[in-house]
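Next up is a structure, given as structure tokens.
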Amino acid sequence: METVDLVTAVISGDKDGASAAFNAMIAGKVSDALELKKVELATTLLSPEEAVDEPTESETEVDGTATESDESSAESTETSAE
């Protein structure tokens, strides 16, 4: 069904016809959107891997103490400030 069918049904007061037209329009749009998403996902899965930066773990310990790299960067910051 088309938009014209929906508008015609609403104007004529046909609630059942308007409901059927609306549901058919939405079902078509959802189906089209799902098909596009499937194609997008398939091309992503089948294309060569791009360089992905994986997140690194934080260098600060859970108890709040600094690790060696944190201490060395703090010392270099102090040296730079002088």
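Please give the length that would be gained between VAL10 and GLU40 if that part of the chain were fully extended, namely 0.36 nm times their separation in residues minus their C-alpha to C-alpha distance (nm, one decimal). Numbers along the way, then the final one.
Numbers: separation 30, 0.36 × 30 = 10.80 nm, distance 3.64 nm.
Gain in length upon complete extension: 7.2 nm.
A further question follows. Using the Kirkwood radius over C-alpha pairs as Rh, can you work out the diffusion coefficient of the stretch 1-43 via Stokes-Einstein at 20 °C, viscosity 1.002 mPa s, in µm² per second?
Numbers: Rh = 11.3 Å.
It diffuses with D of about 190 µm²/s by this estimate.
Quick check: residue separation of ALA20 and ALA33 times 0.36 nm, minus the Cα distance between them. What number comes out in nm?
Values: separation 13, 0.36 × 13 = 4.68 nm, distance 2.00 nm.
Full-extension gain reported as 2.7 nm.
Every number here is computed from the coordinates shown, using simple stated rules; none is lab data. Bear in mind that the values here come from a model prediction, so they are computed numbers and not experimental data.
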